[in-house]
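All remarks here apply to the structure that follows.
The values are calculated or read from the model by the stated rules, or taken from the named source; none is laboratory data. Keep in mind that what you see is a predicted model, and the values were worked out from it rather than measured. Ideal geometry is used to build each Cβ from the backbone, glycine not excepted, and the neighbour counts take in all protein chains shown.
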Amino acid sequence: AFVRFHAAWPIRCSDPNARVIANGRDNQPVVIARPVGAGQVILVGDTGFAMNKNLEQQDGQPFEGLRENADFWQWFLAALEDGHFH
């Protein structure tokens, strides 16, 4: 899934079971899922990622006619619910 970031920075995880969910600039990991006990932790290296300013324009219009971040969230939340990152 393609996704836009507002102010992303690369992140790392030393856990060999961690999975990169999305890459940012220069193909560097920006979203990682890591199992912890029976659950998981999702780390996003972008302080504005889940905010409206990164989802759509203030008036609800998509960025440049595209809704890739809304599509990413729909895919990502469904994948979490289905347990795809365990």
Scan the stretch 1-40 for residues that are surrounded by 12 or more Cβ atoms within 10 Å (Cβ to Cβ) and aromatic (F, W, Y) and jot them down. F5, W9
The stretch 14-36, residues that are closer than 17 Å to H84 by Cα and either assigned to a strand (DSSP E or B) or in contact (Cβ under 8 Å) with a residue 60 or more places away in the chain (or both): R19, V20, I21, A22, V31, I32, A33, R34, P35, V36
Restricting the search to the stretch 40-71, which residues are within 16 Å of the chain's Cα centre (by Cα), at pLDDT below 85 and of a type in the set (A, V, I, L, M, F, W, C)? F49, A50, M51, L55, A70
